Amino acid sequence: LDQRLNKRPELFVVDLIDILMNIIVAFLTNSVVMLSEAFQGLADLITSSLLLIGYSRSKKRADSEFQFGYGKEIYFWTIVSALAMFFVTASLSIIFGYNRLINPEIIDNKILMLMALVIAFSTNSYAFWLSVDRLKKNLNITNIWKSFKRSPLIEVKTAFVLDLMGSLSAFFGLIAFFIFYLTGNYQFDGLGAILIGINIAVMALMLIIELKSFIAGKSVGQETIDKIKLIVLQTKGIKSISDIRTMHQGSDKFMLNLDIKVNDSAIAGEIGSIIKRLKRDLLEQIKNIGYIQIELDN
């Protein structure tokens, strides 16, 4: 996903080929698990495509109509992709799986199916490992869940969710394969497809829940707040901080509103210099501040 955001369109072609291969394997094997794998790949492709649209639009310059910029567009397009995952790809997988569950059919070319699932699990697991590594590196937190919750980068969160979805889908497919291979009960092919559909739906809900807090106006993490406080209190002429308010403007920018008190001895001419110096220091030391408003508290 990082490479897609760096405008590597050939990777979308790779995703398309992956979807087509799963459809072909599904046709050759008569397996709805493989069809669900194709739906999962489609969900990945749709989400990545819409995220790229949102990411590109979020970088547009502020104008008279959107004076704080277009940063929040990325939230809208990611929400659209998550809804498509939930209502389209997850639903189709569950429907096809249920039909196979009540009307089981023999699976052909089992070795081909096994090879496709092993490849899918291996590639998605490797991609998931890279997503986990990036999440932890961004925040220097070893706990994966805390890293996911604290990261403000929607594209990183989405990559994590998509790679986890792909890994679990292939894993459920493998479990279903081994059970019906050993037992001869092909209802488990349908059950595997249902599990993959549920997995896609859960991942979509996971994205929606995360995005809800950002759309509502989530503030930055406590580490960033502490850094802001340190910079403010180290600025000569500032006595204290009355209030700090922040809100994410998009994937990599946030708004900052500060209420400060200056030293009683500061005269009118000095106050302007103090505020100007504080703004400069904040922008130099915290690169993702998109907008600063500093007010004096008497």
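The values are calculated or read from the model by the stated rules, or taken from the named source; none is laboratory data. Everything numeric in this text was worked out from a predicted model, so none of it was measured. Virtual Cβ from ideal backbone geometry, glycine too; neighbours counted across all protein chains shown. These accessible areas exclude ligands, DNA and RNA; they are computed on the full protein's heavy atoms, side chains included. Shrake-Rupley method; radii C 1.70, N 1.55, O 1.52, S 1.80 Å.
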Next on the checklist: Can you compute 3J(HN,Hα) from phi for each residue in segment 47-61, using the Karplus curve 6.51 cos²θ - 1.76 cosθ + 1.60 with θ = phi - 60°, rounded to whole Hz and x for Gly and Pro?
Outcome noted: 4, 5, 5, 5, 5, 5, 4, x, 5, 5, 5, 5, 8, 4, 5
Checklist entry - What aspartates and glutamates could a cross-link reach from Lys279, if we take a straight Cα to Cα line under 18 Å and drop same-chain neighbours fewer than 8 places away? => result Asp226, Asp243, Asp259, Glu270, Glu295, Asp297
Next on the checklist: Heavy atoms only, 1.4 Å probe, whole protein assembly: order Met247, Met115 by accessible area, highest first.
Outcome noted: Met115, Met247
Checklist entry - How much solvent-accessible surface does Arg134 expose, in Å² to the nearest 10, with a 1.4 Å probe and all protein chains in place? => result 80 Å²
Next on the checklist: So if I take the centroid of the Cα atoms in segment 153-213 and the same for segment 234-288, what is the distance between those two points in Å?
Outcome noted: 46 Å
Checklist entry - Quick one: what do you get for segment 114-248 if you divide its Cα Rg by 2.2 N^0.38 Å? => result 1.50
Checklist entry - Only one of the listed values, [x] -0.54, -0.84, -1.12; [y] -0.34, -0.78, -1.19; [z] -0.46, -0.81, -1.08, was derived from the coordinates as log10 I(q)/I(0) by the Debye sum over Cα atoms at q = 0.08, 0.12, 0.15 Å⁻¹; which label is it? => result [z]
Checklist entry - Can you list the HN-Hα couplings for segment 117-134, worked out from phi with the Karplus curve (6.51, -1.76, 1.60; θ = phi - 60°), rounded to whole Hz and with x for Gly and Pro? => result 5, 5, 4, 4, 5, 5, 5, 5, 5, 5, 4, 5, 4, 5, 5, 4, 4, 5
Checklist entry - Which order do Glu65, Glu37, Glu73 take by accessible area at a 1.4 Å probe, largest first? => result Glu65, Glu73, Glu37
Item to check | In degrees, nearest ten, helix 90-102 long axis to first principal axis of the chain (Cα) | outcome: 20 degrees
Checklist entry - Cα-based Rg of segment 57-175 per 2.2 N^0.38 Å, rounded to two decimals? => result 1.41
Checklist entry - Each label point is 7 Å from the Cα along the Cα-to-Cβ direction; what then is the distance between the points at Met115 and Lys60, in nm? => result 4.8 nm
Checklist entry - Taking the chain as a Gaussian network, where each spring joins two C-alpha atoms under 10 Å apart, which residue of Asp63, Asp15, Asp259 fluctuates the most? => result Asp63
Checklist outcome for this item: Largest-first ranking of Val88, Val262 by accessible area, probe 1.4 Å, whole protein assembly kept, is Val88, Val262
Checklist outcome for this item: Per the helix-only model, the chain has a calculated mean residue ellipticity at 222 nm (DSSP H runs of ≥4, -39500 (n - 2.57) each, divided over all residues, rounded to the nearest 500) of -23000 deg cm²/dmol
Item to check | Gain upon complete extension [Asp108, Ser219; 0.36 nm per residue less C-alpha separation] | outcome: 34.6 nm
Checklist outcome for this item: In the structure shown, of Lys136/Lys229; Lys72/Lys236; Lys157/Lys239; Lys60/Lys239; Lys236/Lys287, the pairs separated by more than 32 angstrom at the C-alpha atoms are Lys72/Lys236; Lys157/Lys239; Lys60/Lys239
Checklist entry - Is any residue of segment 211-253 close enough, with backbone N under 14 Å, to a label point placed 7 angstrom from the Cα of Asp281 along the Cα-Cβ axis, and if so, which? => result 227-241
Checklist entry - How much accessible surface area, in Å² rounded to 10, belongs to the heavy atoms of Trp129 with a 1.4 Å probe? => result 150 Å²
Checklist outcome for this item: Amide H proximity to Gln249 below 5 Å, modelled H, separation 5+ or other chain, gives Phe254, Met255
Item to check | Between helix 154-183 and the chain: long-axis angle, C-alpha atoms, 0 to 90°, nearest 10 | outcome: 20 degrees
Item to check | Förster-model FRET efficiency, 45 Å R0, Leu20 and Lys212, C-beta, rounded to 0.05 | outcome: 0.85
Next on the checklist: Taking 0.36 nm per residue of sequence separation and subtracting the Cα-Cα distance, how much length would be gained by fully extending the chain between Gln293 and Asp259, in nm to one decimal?
Outcome noted: 11.4 nm
Checklist entry - Any idea which of Thr158, Trp145, Gln222 is furthest toward the positive side of the dipole for segment 137-225, if Lys and Arg beta-carbons carry +1 and Asp and Glu beta-carbons -1? => result Gln222
Next on the checklist: Explain nothing, just compute: Karplus ³J(HN,Hα) = 6.51 cos²θ - 1.76 cosθ + 1.60, θ = phi - 60°, for every residue of segment 274-289 in order, whole Hz, x for Gly and Pro.
Outcome noted: 5, 5, 4, 5, 5, 4, 4, 5, 5, 5, 6, 9, 10, 5, 9, 7
Checklist entry - Between Ile241 and Arg150, what FRET efficiency comes out of the Förster formula 1/(1 + (r/R0)^6) with R0 = 25 Å and r the beta carbon distance, rounded to 0.05? => result 0.65
Checklist entry - Among Ile74, Ile144, Ile94, which one moves the most in a GNM of the chain with springs linking Cα atoms closer than 10 Å? => result Ile144
Checklist outcome for this item: To the nearest 10 degrees, the tilt of helix 222-233 (Cα long axis) against the first principal axis of the alpha carbons of the chain is 10 degrees
Checklist outcome for this item: Out of Ala120, Ala82, Ala216, a Gaussian network model of the chain with alpha-carbon springs under 10 Å gives the largest mean-square fluctuation to Ala216
